[in-house]
Amino acid sequence: MPRVIFHVDMDAFFASIEQRDHPEYLGKPVIVGSPPDRRGVVCAASYEAREFKVRSAMPSRTAGRLCPHGIFVRPRMEVYRAESQEIMKILRAVTPKVERVSVDEAYLEVADLPDTADTDTALQAALPVAREIKRRIREERHLTASVGIASNKFLAKLGSDFNKPNGLTLILEKDKVAFLRPLSVRSIHGVGPVTAQSLTDRGLHTIADIQDTEMDLTPMVGSWAETLKRRAMGIDERPVDLSEDRKSISAENTFLNDTDDRPTLRAALKELAADVAQTLEKHALAALTVQVKVRYSDFSTLTRQVRLTDPVSNTADVYRLACHLLARHQLVTQPLRLIGIGVSTLVPPVREQLLLSI
Ligand SMILES: [Mg+2]
């Protein structure tokens, strides 16, 4: 049975939620993030704001200059997270094979398609399934998603990105090499600005250039050369990564303004602990290692961890250990830009372990 992969990506997720919840923002440039008169960055911009060249991660001051009539909205992370859960529920109703990549995107491996050995026939048959996902997200959540359908993750992601917003792009096997040709080398996930520069320095600008070149790419990209060549041909064998394979779970929060205010930090930690504990619960796991991460104003970053003898899985335990790590290693000696909690060495929860040992 050929593989059919969807990449589902919500359109301007945070900004669209704000427009949905505040109809007076509809059709207006909405910018989620710090106010323009404060230090801080844009988390998300509505499509109307993007027309003014406002982009996420841009300083809010710059956004305010580019888009003086922009509506600046403080992020409501807990609302976005709850919305994300609802979206994932819709996706999991289609297939249990859902890899949640971030709060607003996921890969799905779709089964239950007509029995066929031909990949393109299977991909075609999956079109109504993708339409149904889009319809449910629109009607039940009043939001839009873009979906890419292809035989692998790399192509599916390019597909969802191809016709945003509210797009649906099917990339057939017979068309994939041609589809890729005009795209910039930067479209290949993993090709960052530095790699792209070393490729363009040698005249390799588009994926077509990579497809056609006889050059050895090793001097430019090292051991990644062969993978790069395969991606350029539309080949990607990475599996949809299911929860069982998880090695670690983490959550982090960047503050709008650097802070060492204890109540603010405690509130942030509690929320992160709840997030991590919820993910542990969803995957029926517990953790033997708990880690905290802090980043200071100058971007220097520290992590400290504790290894436990009894696994933890609930919010209170994760929170308590994170506080303990912060205090014990005296990590809050200056304002923090970011704080994070991670758990690893994942094992089944205690109750299950006891049952297994009987
Ligand atoms: Mg998105």
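Distance between the 7 Å Cα→Cβ label points at residue 184 and residue 82: 3.9 nm. Where the centre of each part is set by its Cα atoms, how far does the stretch 184-238 sit from the stretch 1-48, in angstrom? The distance from the Cα centre of the stretch 184-238 to that of the stretch 1-48 comes to 31 Å.
How do 188, 235 stack up against each other in accessible area, from largest to smallest, with a 1.4 angstrom probe?
235, 188
List the trypsin sites (Lys or Arg not before Pro) in the stretch 247-334 that DSSP assigns to loop (not H, G, I, E or B) and whose Cβ has at most 14 other Cβ atoms within 10 Å. Which are they?
Working: sites: 247, 266, 270, 282, 293, 295, 304, 307, 320, 328; in loops: 247.
When the trypsin sites (Lys or Arg not before Pro) of the stretch 247-334 are filtered for loop state and at most 14 Cβ neighbours within 10 Å, 247 remain.
The candidates 46, 344, arranged from most to least accessible area with a 1.4 Å probe in the full protein assembly, appear as 344, 46. Cross-link reach is defined here as a Cα-Cα straight distance under 27 Å, omitting same-chain residues fewer than 8 places apart; for residue 28 the lysines meeting it are 53, 134, 164. Between 323, 171, 155, the Cα set farthest toward the positive side of the dipole of the chain (charges on each charged residue's Cβ, about the Cα centre) is that of 323. Using the rule -39500 (n - 2.57) for each DSSP H run of four or more residues, divided by the residues of the chain, the 222 nm mean residue ellipticity is -11500 deg cm²/dmol. Anything over 27 Å Cα to Cα? Flag those among 174/282; 176/282; 153/270; 157/229, in the order listed. With Cα atoms farther than 27 Å apart: 174/282; 176/282; 153/270.
Other residues whose C-beta falls under 12 angstrom from the C-beta of residue 36 contribute a net charge of +3, scoring Lys and Arg +1 and Asp and Glu -1. Heavy-atom accessible surface of residue 171, to the nearest 10 Å², is about 0 Å², with a 1.4 Å probe and all protein chains retained.
Share of carbon and sulfur in the accessible area of the chain stands at 52%, probe radius 1.4 Å.
Within the chain, what's the longest run with no GluC sites (Glu not before Pro) in a DSSP loop and at most 13 other beta-carbon atoms within 10 Å? Give the range, please.
On the way: sites that count: 51, 214, 237.
For GluC sites (Glu not before Pro) (loop position, at most 13 other Cβ atoms within 10 Å), the longest site-free span of the chain is 52-213.
Charge dipole of the chain (Cα centre as origin; +1 on each Lys and Arg Cβ, -1 on each Asp and Glu Cβ, all else neutral): 960 debye, rounded to the nearest 20. Taking 0.36 nm per residue of separation and subtracting the Cα-Cα distance, full extension of the segment from residue 233 to residue 259 would add 4.6 nm. A simple charge model with +1 on the Cβ of Lys and Arg, -1 on the Cβ of Asp and Glu and nothing else charged puts the dipole of the stretch 206-292 at about 380 debye relative to its Cα centre. Since only 305, 116, 219 are under comparison, the one whose Cα sits farthest along the positive direction of the charge dipole of the chain, derived from C-beta charges on Lys, Arg, Asp and Glu, is 305.
Please compute the per residue accessible area over the chain with all protein chains in place, 1.4 Å probe, rounded to a whole number of Å².
Values: 18140 Å² over 358 residues.
In whole numbers, the chain has 51 Å² accessible per residue.
Ranking 118, 201 from most to least accessible surface, computed with a 1.4 Å probe over the protein chains only, gives 201, 118.
The values are calculated or read from the model by the stated rules, or taken from the named source; none is laboratory data. Treat the numbers as computed from the prediction; the structure is a model and nothing was measured. We place every Cβ from the backbone using ideal geometry, glycine too, and count neighbours over all the protein chains shown. Only protein heavy atoms, including side chains, enter the accessible area calculation; ligands, DNA and RNA are left aside. Shrake-Rupley method; radii C 1.70, N 1.55, O 1.52, S 1.80 Å.
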